[in-house]
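Peer 1: Pasting in a structure now, in C-alpha cells, and then I'll have a few things to ask.
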Amino acid sequence: MLARRILAAALGAAAPAGAQLGGATPAQAAPRVLYYDASRAAEFVAVVHQGAQNWNNRVTNVRLEPVPAGQRANITVYVDNGWPRAYTQSLGNGYWYMGRQAVNQGYHPPRIAAHEFGHLLGLPDRRTGLCADLMSGSSAAISCTNAFPNAQEASRVNSNFATLQTVPLQTTGPRAYEWVTAGA
Ligand SMILES: [Zn+2]
C-alpha cells in the first residue's frame with residue numbers, strides 16, 4: 001500500500017500536467033469523418049444536410065458526411081412532434097431529433113440542426129441568450145437565424161477531435177440534451 005503511494009507520487013512528479021501540455025504538437029492529419037444518416041428526417045432532410053455543412057465550413061479536425069450505402073452511421077437523425085433533443089453515447093456517436101414543436105413555434109430549422117450536431121461533436125448547452133452562440137439554443141430569441149458555430153465553439157470542436165488520429169475517441173458516457181429545459 002505504502003509502495004503504491006510512493007510510486008504514484010513519483011509518477012506524478014515525473015509527468016507534471018503543464019509539461020505534457022507544453023510538449024503536445026497539434027495533429028496535422030486528415031479530419032476525422034463522422035457519418036450521419038438523414039434518411040429518417042422526413043421533411044427535414046435538406047435542413048439536416050445544411051446543419052452538417054455549416055459545421056464542415058467552420059471546423060477542420062472533423063467532417064460530417066452522409067453515410068454511404070452499406071456503412072454504419074455514427075449519427076442518426078430522427079424527427080417527431082416533440083422538442084429537438086440529442087443523445088450521445090460517446091464523442092461523435094449518437095442520435096438526435098429534429099422536433100417539430102420547436103419548428104412550429106418558429107425556431108429556425110437550420111439553427112436547430114446545427115445546434116443538435118454540436119452536441120454530437122461534444123458541445124454542451126450554453127443558455128447565454130445570445131444569437132451569436134449556436135449552443136445557446138432556445139435561450140436566444142425565436143427570431144434568431146444564426147445557424148453557424150462561432151469561433152469559440154468551432155475551436156472547441158477542433159480540440160475535441162485534435163488527437164483522434166492517434167488516440168481513440170474518448171467515451172463520455174451517455175448524455176441527453178434538451179432544446180428546452182424541463183420546467184422552463
Ligand atoms: Zn441543446
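Peer 1: Just give me the residues in region 130-148 being within 11 Å of the ligand (Cβ to nearest atom), within 23 Å of Phe161 (Cα to Cα) and in contact (Cβ under 8 Å) with a residue 40 or more places away in the chain, in sequence order.
Peer 2: The one that is within 11 Å of the ligand (Cβ to nearest atom), within 23 Å of Phe161 (Cα to Cα) and in contact (Cβ under 8 Å) with a residue 40 or more places away in the chain: Gly137.
Peer 1: Looking at region 79-93 only, could you name the residues that are touching a residue at least 60 places away in the same chain (Cβ under 8 Å) and either within 10 Å of the ligand (Cβ to nearest atom) or of a type outside the set (Val, Ile, Thr) (or both)?
Peer 2: Within region 79-93, Trp83, Pro84, Arg85, Ala86, Tyr87, Gln89, Ser90, Leu91, Gly92, Asn93 qualify.
Peer 1: Within region 122-129, does at least one residue satisfy the condition of being within 18 Å of the chain's Cα centre (by Cα) and either away from the ligand (no atom under 16 Å from the Cβ) or touching a residue at least 60 places away in the same chain (Cβ under 8 Å) (or both)?
Peer 2: Within region 122-129, none of the residues are within 18 Å of the chain's Cα centre (by Cα) and either away from the ligand (no atom under 16 Å from the Cβ) or touching a residue at least 60 places away in the same chain (Cβ under 8 Å) (or both).
Peer 1: Enumerate the strands (runs of 3 or more DSSP E) found wholly within region 57-144, keeping only those where 3 or more residues are surrounded by 16 or more Cβ atoms within 10 Å (Cβ to Cβ) and hydrophobic (A, V, I, L, M, F, W, C).
Peer 2: Strands (runs of 3 or more DSSP E) meeting the threshold: 75-80.
Taken together, the values in this text are just the output of simple stated rules run on the coordinates, not laboratory data. Treat the numbers as computed from the prediction; the structure is a model and nothing was measured. Ideal geometry is used to build each Cβ from the backbone, glycine not excepted, and the neighbour counts take in all protein chains shown.
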